[in-house]
1. To the nearest 500 deg cm²/dmol, what mean residue ellipticity at 222 nm is calculated for the chain from DSSP H runs of n ≥ 4 alone, each contributing -39,500 (n - 2.57), summed and divided by the residues?
2. Counting heavy atoms of the protein chains only and a 1.4 Å probe, report the per residue accessible area for the chain as a whole number of Å².
3. Only Cα pairs under 8 Å and at least 6 apart count here; give the relative contact order of the stretch 230-349 as a rounded whole percent.
4. Evaluated at 10 °C with a viscosity of 1.306 mPa s, what Stokes-Einstein diffusion coefficient in µm²/s does the stretch 266-307 have when Rh comes from the Kirkwood expression over alpha-carbon pairs?
5. Please report, for the Cα atoms of the chain, the Rg to one decimal and the Dmax as a whole number; what are they, in angstrom?
6. Return the subset of K263/K313; K280/K339; K240/K280; K200/K339; K4/K339; K7/K280 for which the Cα-Cα distance in this structure is over 25 Å, preserving the input order.
7. Counting only protein heavy atoms and a 1.4 Å probe, tell me what percentage of the stretch 108-189's accessible area is made up of carbon and sulfur.
8. In Å, the Kirkwood hydrodynamic radius of the stretch 231-284 over pairs of distinct alpha carbons?
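The values are calculated or read from the model by the stated rules, or taken from the named source; none is laboratory data. Please read these numbers as outputs of a predicted model, since none were measured by experiment. For the accessible areas, the whole protein counts, side chains as well, though only heavy atoms, and no ligand, DNA or RNA atoms are used. Shrake-Rupley method; radii C 1.70, N 1.55, O 1.52, S 1.80 Å.
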Amino acid sequence: MNTKLVKIEENPQFFSEAGEILRAGGLVAFPTETVYGLGGNALDSLAAKKIYAAKGRPSDNPLIVHVAEMESLYELASEVPQTALRLARRFWPGPLTMILPKKASVPDGTTGGLKTVAVRMPNHPVALQLIRTSGVYIAAPSANTSGRPSPTCAEHVMEDLNGKIEMILDGGAVEIGIESTIVDLTGEIPVILRPGYITKQMLEEVVGEVAVDPAVLTRHPDPGLRPKAPGMKYKHYAPKAELIILEGEPQAVIQRINQETKKAQEKGKKVGVIATTKTKDSYDADVIRVIGSRDEEETIARGLYGSLREFDKDQVDLIFSESFSDGIWGQAVMNRLLKAAGYQVITVS
(Lines give C-alpha, C1' and ligand atoms only; values in the text may rest on other atoms or scores of the structure.)
Protein backbone atom coordinates (compact mmCIF):
# COMPACT_ATOMS: atom_id res chain seq x y z
CA MET A 1 0.00 0.00 0.00
CA ASN A 2 1.23 3.50 -0.86
CA THR A 3 0.74 5.88 2.07
CA LYS A 4 0.02 9.44 0.93
CA LEU A 5 1.44 12.18 3.17
CA VAL A 6 -0.33 15.53 2.74
CA LYS A 7 0.46 18.90 4.36
CA ILE A 8 -3.19 19.66 4.86
CA GLU A 9 -2.85 23.41 5.54
CA GLU A 10 -1.30 23.80 2.07
CA ASN A 11 -3.65 21.29 0.41
CA PRO A 12 -7.11 21.55 2.05
CA GLN A 13 -8.71 19.87 -0.96
CA PHE A 14 -7.44 16.55 0.40
CA PHE A 15 -10.07 16.64 3.15
CA SER A 16 -12.51 15.32 0.53
CA GLU A 17 -10.22 12.44 -0.43
CA ALA A 18 -9.58 11.61 3.22
CA GLY A 19 -13.33 11.56 3.83
CA GLU A 20 -13.84 9.18 0.93
CA ILE A 21 -11.17 6.85 2.34
CA LEU A 22 -12.91 6.76 5.72
CA ARG A 23 -16.37 6.18 4.24
CA ALA A 24 -14.94 3.29 2.19
CA GLY A 25 -13.54 1.63 5.32
CA GLY A 26 -9.93 2.84 4.96
CA LEU A 27 -7.59 4.49 7.44
CA VAL A 28 -6.39 8.10 7.73
CA ALA A 29 -3.96 9.46 10.32
CA PHE A 30 -4.61 13.02 11.49
CA PRO A 31 -3.47 15.51 14.14
CA THR A 32 -5.32 16.33 17.33
CA GLU A 33 -4.26 18.66 20.12
CA THR A 34 -2.92 15.67 22.10
CA VAL A 35 -1.19 13.26 19.67
CA TYR A 36 -1.77 12.06 16.09
CA GLY A 37 -4.66 9.63 15.76
CA LEU A 38 -5.18 6.69 13.39
CA GLY A 39 -8.73 7.07 12.18
CA GLY A 40 -11.30 4.66 10.81
CA ASN A 41 -15.11 4.65 10.63
CA ALA A 42 -16.18 4.00 14.23
CA LEU A 43 -19.40 2.25 13.18
CA ASP A 44 -17.63 -0.10 10.75
CA SER A 45 -16.35 -3.22 12.51
CA LEU A 46 -14.06 -4.04 9.57
CA ALA A 47 -12.43 -0.61 9.83
CA ALA A 48 -11.78 -1.30 13.51
CA LYS A 49 -10.06 -4.57 12.55
CA LYS A 50 -7.87 -2.64 10.11
CA ILE A 51 -6.86 -0.22 12.88
CA TYR A 52 -5.84 -3.07 15.17
CA ALA A 53 -3.95 -4.77 12.35
CA ALA A 54 -2.06 -1.63 11.26
CA LYS A 55 -0.97 -0.92 14.83
CA GLY A 56 -0.42 -4.53 15.89
CA ARG A 57 -2.76 -3.63 18.76
CA PRO A 58 -4.49 -6.22 21.01
CA SER A 59 -8.16 -6.35 20.04
CA ASP A 60 -9.36 -6.07 23.67
CA ASN A 61 -7.86 -2.58 23.93
CA PRO A 62 -10.82 -0.23 23.22
CA LEU A 63 -10.74 2.63 20.71
CA ILE A 64 -11.85 6.22 21.32
CA VAL A 65 -14.61 7.58 19.10
CA HIS A 66 -13.99 11.17 17.95
CA VAL A 67 -16.97 13.44 17.30
CA ALA A 68 -17.45 17.04 16.17
CA GLU A 69 -20.83 17.86 17.73
CA MET A 70 -22.19 17.56 21.29
CA GLU A 71 -25.39 15.90 20.03
CA SER A 72 -23.34 12.90 18.90
CA LEU A 73 -23.31 11.68 22.48
CA TYR A 74 -26.97 10.70 22.12
CA GLU A 75 -26.24 8.70 18.97
CA LEU A 76 -23.39 6.72 20.51
CA ALA A 77 -24.39 6.32 24.17
CA SER A 78 -27.51 4.60 25.48
CA GLU A 79 -27.38 6.81 28.59
CA VAL A 80 -26.07 10.38 28.81
CA PRO A 81 -26.02 11.52 32.45
CA GLN A 82 -26.01 15.17 33.48
CA THR A 83 -22.42 14.67 34.62
CA ALA A 84 -21.39 13.98 31.03
CA LEU A 85 -23.19 17.06 29.76
CA ARG A 86 -21.59 19.31 32.36
CA LEU A 87 -18.13 17.99 31.55
CA ALA A 88 -18.69 18.28 27.81
CA ARG A 89 -19.89 21.87 28.11
CA ARG A 90 -16.79 22.76 30.12
CA PHE A 91 -14.04 20.78 28.36
CA TRP A 92 -15.19 20.07 24.78
CA PRO A 93 -13.68 20.48 22.34
CA GLY A 94 -10.63 19.40 24.31
CA PRO A 95 -8.51 16.57 25.74
CA LEU A 96 -11.24 14.80 27.72
CA THR A 97 -12.60 11.34 26.86
CA MET A 98 -15.78 10.14 28.57
CA ILE A 99 -16.80 6.49 28.93
CA LEU A 100 -20.54 5.81 28.73
CA PRO A 101 -22.83 2.81 28.10
CA LYS A 102 -22.86 2.21 24.34
CA LYS A 103 -25.72 1.90 21.91
CA ALA A 104 -26.04 -1.30 19.89
CA SER A 105 -25.03 0.62 16.75
CA VAL A 106 -21.46 0.89 18.07
CA PRO A 107 -19.76 -2.40 17.14
CA ASP A 108 -17.96 -4.48 19.74
CA GLY A 109 -14.89 -4.31 17.52
CA THR A 110 -14.60 -0.59 18.24
CA THR A 111 -15.08 -0.98 22.00
CA GLY A 112 -12.80 -3.96 22.54
CA GLY A 113 -15.80 -6.14 23.33
CA LEU A 114 -16.97 -3.84 26.12
CA LYS A 115 -20.54 -2.59 26.53
CA THR A 116 -19.26 0.94 26.94
CA VAL A 117 -18.01 3.51 24.44
CA ALA A 118 -15.23 6.10 24.86
CA VAL A 119 -16.05 9.45 23.25
CA ARG A 120 -14.24 12.76 22.85
CA MET A 121 -14.36 15.93 20.76
CA PRO A 122 -10.81 16.93 19.75
CA ASN A 123 -9.75 20.57 19.87
CA HIS A 124 -7.94 20.72 16.55
CA PRO A 125 -9.23 22.29 13.31
CA VAL A 126 -7.91 19.46 11.11
CA ALA A 127 -9.51 16.76 13.25
CA LEU A 128 -12.87 18.55 13.43
CA GLN A 129 -12.90 19.29 9.71
CA LEU A 130 -12.06 15.66 8.89
CA ILE A 131 -14.95 14.38 11.03
CA ARG A 132 -17.39 16.81 9.43
CA THR A 133 -16.17 16.27 5.88
CA SER A 134 -16.21 12.49 6.16
CA GLY A 135 -19.66 12.36 7.69
CA VAL A 136 -18.64 9.51 10.00
CA TYR A 137 -17.61 9.19 13.61
CA ILE A 138 -13.90 8.42 13.71
CA ALA A 139 -12.45 5.72 15.96
CA ALA A 140 -8.85 6.71 16.55
CA PRO A 141 -6.14 5.39 18.83
CA SER A 142 -2.69 6.97 18.60
CA ALA A 143 -1.17 6.58 15.13
CA ASN A 144 1.83 4.45 16.06
CA THR A 145 2.86 0.83 16.27
CA SER A 146 1.34 -0.57 19.45
CA GLY A 147 3.68 -0.18 22.40
CA ARG A 148 5.81 2.53 20.76
CA PRO A 149 5.91 6.20 21.86
CA SER A 150 2.85 8.03 20.60
CA PRO A 151 3.37 10.30 17.57
CA THR A 152 3.48 14.05 18.07
CA CYS A 153 4.23 14.91 14.42
CA ALA A 154 3.52 13.38 11.00
CA GLU A 155 7.10 12.11 10.70
CA HIS A 156 6.52 9.81 13.67
CA VAL A 157 3.45 8.37 11.97
CA MET A 158 5.42 7.68 8.78
CA GLU A 159 8.12 5.91 10.81
CA ASP A 160 5.60 3.42 12.17
CA LEU A 161 2.76 3.14 9.64
CA ASN A 162 4.17 3.90 6.20
CA GLY A 163 2.73 1.33 3.79
CA LYS A 164 0.05 0.23 6.26
CA ILE A 165 -2.53 3.02 5.90
CA GLU A 166 -3.90 5.06 3.01
CA MET A 167 -3.21 8.65 4.09
CA ILE A 168 -1.56 10.89 6.69
CA LEU A 169 -2.77 14.47 7.12
CA ASP A 170 0.23 16.51 8.26
CA GLY A 171 -0.97 19.35 10.48
CA GLY A 172 2.38 20.08 12.11
CA ALA A 173 3.48 19.36 15.67
CA VAL A 174 0.76 18.83 18.28
CA GLU A 175 0.19 21.24 21.14
CA ILE A 176 -0.16 19.06 24.26
CA GLY A 177 1.86 15.92 23.52
CA ILE A 178 0.16 13.33 25.77
CA GLU A 179 -3.15 11.58 25.30
CA SER A 180 -6.50 12.79 26.64
CA THR A 181 -7.75 12.30 30.17
CA ILE A 182 -10.20 9.38 30.28
CA VAL A 183 -13.00 9.45 32.86
CA ASP A 184 -15.47 6.61 33.40
CA LEU A 185 -19.01 7.92 33.95
CA THR A 186 -20.81 4.58 34.22
CA GLY A 187 -20.83 4.55 38.04
CA GLU A 188 -22.10 6.89 40.75
CA ILE A 189 -18.70 8.61 41.06
CA PRO A 190 -16.62 9.55 38.00
CA VAL A 191 -13.35 7.59 37.87
CA ILE A 192 -10.18 8.67 36.06
CA LEU A 193 -8.84 5.70 34.08
CA ARG A 194 -6.05 7.63 32.35
CA PRO A 195 -4.67 10.97 33.57
CA GLY A 196 -4.01 13.75 31.11
CA TYR A 197 -4.09 17.49 30.59
CA ILE A 198 -7.53 17.73 32.26
CA THR A 199 -6.65 17.08 35.90
CA LYS A 200 -8.63 15.60 38.80
CA GLN A 201 -8.92 19.05 40.36
CA MET A 202 -10.30 20.51 37.13
CA LEU A 203 -12.92 17.75 36.89
CA GLU A 204 -13.95 18.15 40.53
CA GLU A 205 -14.55 21.85 40.02
CA VAL A 206 -17.32 20.85 37.60
CA VAL A 207 -18.85 17.65 39.00
CA GLY A 208 -17.69 17.28 42.61
CA GLU A 209 -16.02 14.09 43.84
CA VAL A 210 -13.85 12.24 41.32
CA ALA A 211 -11.91 9.03 42.02
CA VAL A 212 -8.72 7.72 40.39
CA ASP A 213 -8.45 4.09 39.29
CA PRO A 214 -5.67 2.35 41.30
CA ALA A 215 -4.15 1.11 38.03
CA VAL A 216 -3.20 4.66 37.00
CA LEU A 217 0.07 4.84 38.93
CA THR A 218 0.48 1.26 40.08
CA ARG A 219 3.98 -0.20 40.17
CA HIS A 220 2.61 -3.76 39.97
CA PRO A 221 0.14 -4.10 37.07
CA ASP A 222 -2.39 -6.91 37.04
CA PRO A 223 -1.63 -9.21 34.06
CA GLY A 224 -5.23 -10.41 34.12
CA LEU A 225 -6.71 -6.93 33.90
CA ARG A 226 -9.30 -6.39 31.16
CA PRO A 227 -8.70 -2.79 30.06
CA LYS A 228 -11.66 -0.44 30.45
CA ALA A 229 -9.83 2.27 28.53
CA PRO A 230 -6.87 2.59 26.14
CA GLY A 231 -3.48 2.22 27.78
CA MET A 232 -4.57 0.53 31.01
CA LYS A 233 -3.12 -2.95 30.56
CA TYR A 234 -0.29 -3.20 28.08
CA LYS A 235 3.23 -1.80 27.96
CA HIS A 236 2.98 1.47 26.08
CA TYR A 237 5.03 4.39 24.82
CA ALA A 238 8.27 2.42 25.02
CA PRO A 239 11.56 3.17 23.24
CA LYS A 240 13.61 0.30 21.86
CA ALA A 241 16.17 0.58 24.67
CA GLU A 242 15.55 -0.46 28.25
CA LEU A 243 14.23 2.47 30.31
CA ILE A 244 14.66 2.83 34.08
CA ILE A 245 13.16 5.61 36.22
CA LEU A 246 14.97 6.90 39.33
CA GLU A 247 13.06 8.80 42.00
CA GLY A 248 14.11 10.55 45.19
CA GLU A 249 15.91 13.71 46.29
CA PRO A 250 17.13 15.47 43.11
CA GLN A 251 20.86 15.53 43.85
CA ALA A 252 20.79 11.92 45.05
CA VAL A 253 19.04 10.91 41.80
CA ILE A 254 21.65 12.69 39.69
CA GLN A 255 24.47 11.00 41.60
CA ARG A 256 22.87 7.55 41.29
CA ILE A 257 22.18 7.97 37.57
CA ASN A 258 25.83 8.87 37.00
CA GLN A 259 26.91 5.81 39.01
CA GLU A 260 24.62 3.50 37.03
CA THR A 261 25.73 5.16 33.79
CA LYS A 262 29.38 4.46 34.55
CA LYS A 263 28.65 0.80 35.35
CA ALA A 264 26.74 0.37 32.09
CA GLN A 265 29.42 2.13 30.03
CA GLU A 266 32.09 -0.13 31.51
CA LYS A 267 30.07 -3.03 30.08
CA GLY A 268 30.15 -1.41 26.65
CA LYS A 269 26.64 -0.01 26.69
CA LYS A 270 25.64 3.30 25.15
CA VAL A 271 23.62 5.20 27.77
CA GLY A 272 21.02 7.93 27.44
CA VAL A 273 19.52 10.16 30.13
CA ILE A 274 16.23 12.06 30.19
CA ALA A 275 16.94 15.36 31.93
CA THR A 276 15.52 18.86 32.33
CA THR A 277 16.89 22.24 31.36
CA LYS A 278 18.16 22.61 34.94
CA THR A 279 19.89 19.22 35.26
CA LYS A 280 21.17 18.58 31.73
CA ASP A 281 24.76 19.57 32.54
CA SER A 282 24.92 17.27 35.58
CA TYR A 283 25.12 13.97 33.71
CA ASP A 284 27.94 11.92 32.18
CA ALA A 285 25.85 9.86 29.74
CA ASP A 286 26.59 9.33 26.05
CA VAL A 287 23.32 11.03 25.03
CA ILE A 288 21.39 13.53 27.14
CA ARG A 289 17.90 14.52 26.04
CA VAL A 290 16.26 17.59 27.59
CA ILE A 291 12.58 16.81 27.97
CA GLY A 292 11.63 20.30 29.12
CA SER A 293 11.60 22.59 32.16
CA ARG A 294 10.03 21.82 35.52
CA ASP A 295 9.13 25.51 35.72
CA GLU A 296 7.08 25.10 32.53
CA GLU A 297 5.41 21.72 32.99
CA GLU A 298 3.68 21.74 29.63
CA THR A 299 7.09 21.48 27.94
CA ILE A 300 7.75 18.17 29.72
CA ALA A 301 4.48 16.66 28.49
CA ARG A 302 5.09 18.00 24.99
CA GLY A 303 8.66 16.72 24.85
CA LEU A 304 8.25 13.22 26.30
CA TYR A 305 7.40 11.08 23.27
CA GLY A 306 9.69 12.93 20.89
CA SER A 307 12.61 12.42 23.27
CA LEU A 308 11.92 8.69 23.53
CA ARG A 309 11.87 8.38 19.74
CA GLU A 310 15.11 10.34 19.41
CA PHE A 311 16.84 7.81 21.66
CA ASP A 312 15.94 5.15 19.09
CA LYS A 313 17.75 7.15 16.43
CA ASP A 314 20.71 7.51 18.80
CA GLN A 315 20.77 3.70 19.13
CA VAL A 316 21.31 3.77 22.87
CA ASP A 317 21.21 0.53 24.83
CA LEU A 318 19.94 1.88 28.14
CA ILE A 319 18.03 4.99 29.25
CA PHE A 320 17.80 6.48 32.73
CA SER A 321 15.12 9.04 33.53
CA GLU A 322 14.43 11.39 36.37
CA SER A 323 10.98 11.04 37.94
CA PHE A 324 8.31 13.58 36.98
CA SER A 325 5.58 12.82 39.49
CA ASP A 326 5.28 16.35 40.91
CA GLY A 327 3.30 19.31 39.61
CA ILE A 328 -0.06 19.79 37.92
CA TRP A 329 0.54 17.27 35.14
CA GLY A 330 3.01 15.04 36.97
CA GLN A 331 0.51 12.21 37.36
CA ALA A 332 -0.12 12.14 33.60
CA VAL A 333 3.57 12.24 32.67
CA MET A 334 4.51 9.64 35.28
CA ASN A 335 1.72 7.33 34.09
CA ARG A 336 3.28 7.31 30.63
CA LEU A 337 6.84 6.95 31.90
CA LEU A 338 5.95 4.00 34.11
CA LYS A 339 4.42 2.13 31.17
CA ALA A 340 7.32 3.06 28.89
CA ALA A 341 9.74 1.70 31.49
CA GLY A 342 7.77 -1.48 32.02
CA TYR A 343 7.37 -0.32 35.65
CA GLN A 344 11.12 -0.39 36.35
CA VAL A 345 11.69 2.17 39.12
CA ILE A 346 14.64 2.66 41.47
CA THR A 347 13.95 4.65 44.64
CA VAL A 348 17.10 6.48 45.74
CA SER A 349 17.41 7.00 49.47
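1. -9500 deg cm²/dmol
2. 41
3. So the answer I get is 42 percent.
4. Translational diffusion coefficient: 146 µm²/s.
5. Here Rg and the maximum Cα pair distance are 19.9, 61 Å.
6. In this structure, K4/K339; K7/K280 lie more than 25 Å apart at Cα.
7. 47
8. Every distinct Cα pair counted, the radius reaches 12.8 Å.
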